[in-house]
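The structure appears right after this line, and notes come after that.
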Amino acid sequence: MSTVKIYTDGSCNTTLKIGGWVAIIFLVDKKIILTGIEFNTSHNRMELTAVIESLKFVKKQVNSQIIVNVNSDSQYVNRIPERIEKLRSNYFLTARGKPVRNADLIEKLIHLIEIINIEFIKVKAHQKKNELENYNRKVDKISRKIVRNYINST
């Protein structure tokens, strides 16, 4: 069984609610970079979107059984698998009876978790540059650049 490595990150200008997301995917002998920009969004939505879009891409590319390592610095994303049962039993409602934030994206991620063998790996955020290639640092820089470039171009 082969392993696919994915590094994801999302960024958001909270004032303008403009966000960017990025995923670097190592699939067999290829390195693929996916990016996107969203409006009326948040940091957590961008973190979720990066993971969802990368998993959807991998699912289309690979027909055989694989293990996918999702490397993310988002505790919010990394905790979704352990929260699935509670989210479902509460019908995606908070203790106060309000819909869980980002329920639409969380449900999409849960669906992918159920059909793909995924291992979520928590990586340290905002690491300092060193001599080793650091893909978590790279996705962080790209996601922030996407947002900055869009804001500067308008």
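The values are calculated or read from the model by the stated rules, or taken from the named source; none is laboratory data. What you are looking at is a predicted structure, and each value in this text was computed from that prediction instead of being measured. Note: ideal-geometry Cβ built from the backbone for every residue, glycine included; neighbour counts use all protein chains shown.
If we keep just the residues of region 35-63 that are under 24 Å from GLU119 (Cα atoms) and of a type in the set (Ser, Thr, Tyr), which is surrounded by the fewest Cβ atoms within 10 Å (Cβ to Cβ)?
Looking only at region 35-63, we keep the residues that are under 24 Å from GLU119 (Cα atoms), and these are 35-36, 43-63.
From what is left, the residues that are of a type in the set (Ser, Thr, Tyr) are 35, 49, 54.
Working: THR35: 16, THR49: 23, SER54: 24.
By that ranking, first place goes to THR35.
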For THR35, which of the numbered conditions (1) farther than 26 Å from ARG148 by Cα; (2) outside any loop (DSSP other than H, G, I, E, B); (3) hydroxyl-bearing (Ser, Thr, Tyr) fails to hold?
-> (1)
Surrounded by fewer than 16 Cβ atoms within 10 Å (Cβ to Cβ), hydroxyl-bearing (Ser, Thr, Tyr), on the phi < 0 side of the Ramachandran plot and not in a loop (DSSP other than H, G, I, E, B) - does that describe any residue in region 77-95?
-> yes
Go through the residues of region 12-34 one by one and say whether even a single one is surrounded by 14 or more Cβ atoms within 10 Å (Cβ to Cβ) and hydroxyl-bearing (Ser, Thr, Tyr).
-> no
Pairs, please: C-beta under 9 Å, at least 6 apart or cross-chain, first residue closer than 12 Å to GLU47 by Cα and in region 73-96, second assigned to a loop (DSSP other than H, G, I, E, B) and at pLDDT below 95?
-> ASP73/VAL123; ASP73/LYS124; ASP73/ALA125; ASP73/HIS126; ASP73/GLN127; SER74/ALA125
Is it the case that some residue within region 146-153 is touching a residue at least 60 places away in the same chain (Cβ under 8 Å), assigned to a helix (DSSP H, G or I) and surrounded by fewer than 14 Cβ atoms within 10 Å (Cβ to Cβ)?
-> yes
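Going by the structure shown, is ILE142 outside any strand (DSSP E or B), at pLDDT 95 or above, under 15 Å from the mean Cα position of the chain (by Cα) and within 17 Å of VAL4 (Cα to Cα)?
no
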